[in-house]
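This report concerns only the one structure given below.
The values are calculated or read from the model by the stated rules, or taken from the named source; none is laboratory data. None of the values given here were measured: they were computed from a predicted structure. Cβ sites come from the backbone with ideal geometry, for glycine too, and all protein chains shown count toward neighbours. All accessible areas refer to the heavy atoms of the entire protein, side chains included, with ligands and DNA or RNA removed. Shrake-Rupley method; radii C 1.70, N 1.55, O 1.52, S 1.80 Å.
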Amino acid sequence: MSADDLHRSLVLDAVRVTEAAAVAAWKLAGRGDEKAADQAAVDAMRTALNTLDIAGEIVIGEGERDEAPMLYIGEQVGSGWHDHDEHSPKVDIAVDPLEGTNLCATGSPDAISVIAIADDGQFLNAPDTYMQKIAVGPEARGAIDLRESPTWNLRAIAKAKGKKVEDVTAVILDRDRHNDLIAEVRQAGARIRLIGDGDVSGAVMTANPDSGIDVLFGTGGAPEGVIAAAALKCVGGELQGRLRFRSDEERARAKKMGVRDEDFIYGTEDLAAGHVMFAATGVTKGYLLDGVRFFGGGAKTESIVMRSKSGTVRVINATHHFNTKPKYSWATGLET
């Protein structure tokens, strides 16, 4: 099998991984326990990953090894390690088994399960800190500059998309730290969709014309910036990010990871180089994806999967029958 054939096969395997996590998380949606929902997603995702014919390493995950028992940074996953198969492709893996744990716990829209995969060594090993971000879809690629003001960027995006600023919609995390940003965007005349969590889905929305979202602004997790960059790379979008440390301890840890200039502007290629793939499955119904829908003996899921080499974007609607999945607990949602 050629390298290209392996990549095409792996991208569909990635969907099965996010389906597994999404179905497991949905079992606990709306029950008010974000930790339990997240753990269910982690367990299911790890089980699914270990069935894949890969030699994968988690580079973006649930935290350092002493903070997370599963899907920790540096963990080896995939049957290639366990079977000592030298033909299994070596890949970097970035995961967020449940982006929007609070959204899932409260049954709110836009909780998703996500994974991004790249060739070995191609993802930035992002420190667990904040990142200031701006993200756009392909129509505005090349028009944005994180060093400039939100107003400047809104005008540039509007020009690139043939719109007026008043017709531009920005998605921004609803956080106190964004009060000045929100005020400026509104003063410039643009609309805002405030979201409670999930700036990966917010970034991906910028590349979906049906979402009505033109740009993501704001400061969120740096690891999520890598995953979002992988997604946007697949469709020709753009993400720029700048690390924003919350403490001297975070700054020191980042230096150990190779960060030398904390004001460096990371572009899409800096965050996700080479050929990458991205998959996401909706947990709760949202602007990007429909949520998991249970029926007697099974569930339906909606996923999106993208591959940078071909630029292909697939939306996959799947029906899972739990009684025909004997290899795994029904909670994984994984096909045998």
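Among the residues of segment 149-190, the ones that are part of a loop (DSSP other than H, G, I, E, B) and surrounded by 13 or more Cβ atoms within 10 Å (Cβ to Cβ) come to 7 in all.
Selection over segment 21-67 of residues that are open to solvent by 10 Å² or more (accessible area, probe 1.4 Å), farther than 22 Å from Asp119 by Cα and aliphatic (A, V, I, L, M) gives a count of 4. The number of residues in segment 75-94 that are touching a helix residue (DSSP H, G or I) at 6+ places or on another chain (Cβ under 8 Å), surrounded by 17 or more Cβ atoms within 10 Å (Cβ to Cβ) and either over 27 Å from Lys285 (Cβ atoms) or without any contact (Cβ under 8 Å) to a residue 60 or more places away in the chain (or both) comes to 6. Out of all the residues in segment 99-131, which are more than 24 Å from Ser308 (Cα to Cα), touching a Ser or Thr at 6+ places or on another chain (Cβ under 7 Å) and not in a loop (DSSP other than H, G, I, E, B)? Result: Leu103, Cys104, Tyr130. Only a single criterion out of (1) open to solvent by less than 10 Å² (accessible area, probe 1.4 Å); (2) closer than 23 Å to Gly61 by Cβ; (3) in contact with a Pro (Cβ under 7 Å, 6 or more places away or on another chain) is not satisfied by Asp128, namely (1). If you go through segment 236-254 and pick out every residue that is open to solvent by 40 Å² or more (accessible area, probe 1.4 Å) and of a type in the set (A, V, I, L, M, F, W, C), you end up with 1. How many of the residues making up segment 255-309 are touching a strand residue (DSSP E or B) at 6+ places or on another chain (Cβ under 6 Å), surrounded by fewer than 21 Cβ atoms within 10 Å (Cβ to Cβ) and basic (Lys, Arg)? Residues in segment 255-309 being touching a strand residue (DSSP E or B) at 6+ places or on another chain (Cβ under 6 Å), surrounded by fewer than 21 Cβ atoms within 10 Å (Cβ to Cβ) and basic (Lys, Arg): 2 in total. Screening Thr268, Thr281 for residues that are polar (S, T, N, Q), touching a Leu at 6+ places or on another chain (Cβ under 8 Å) and without any contact (Cβ under 8 Å) to a residue 60 or more places away in the chain leaves exactly one candidate, Thr268. Residue-level check: of (1) modelled with pLDDT of 95 or more; (2) open to solvent by 30 Å² or more (accessible area, probe 1.4 Å); (3) in contact with a Lys or Arg (Cβ under 7 Å, 6 or more places away or on another chain); (4) not in a strand (DSSP E or B), Tyr72 misses just (1). Here Val226 fulfils each of the conditions (1) open to solvent by less than 20 Å² (accessible area, probe 1.4 Å); (2) closer than 17 Å to Pro138 by Cα apart from (2). Got at least one residue in segment 127-136 being β-branched (Val, Ile, Thr) and more than 24 Å from Ala254 (Cβ to Cβ)? Within segment 127-136, one or more residues are β-branched (Val, Ile, Thr) and more than 24 Å from Ala254 (Cβ to Cβ). Looking only at residues of segment 133-148 that are open to solvent by less than 50 Å² (accessible area, probe 1.4 Å) and not in a loop (DSSP other than H, G, I, E, B), we find that the one that is farthest from Val168 (Cα to Cα) is Lys133.
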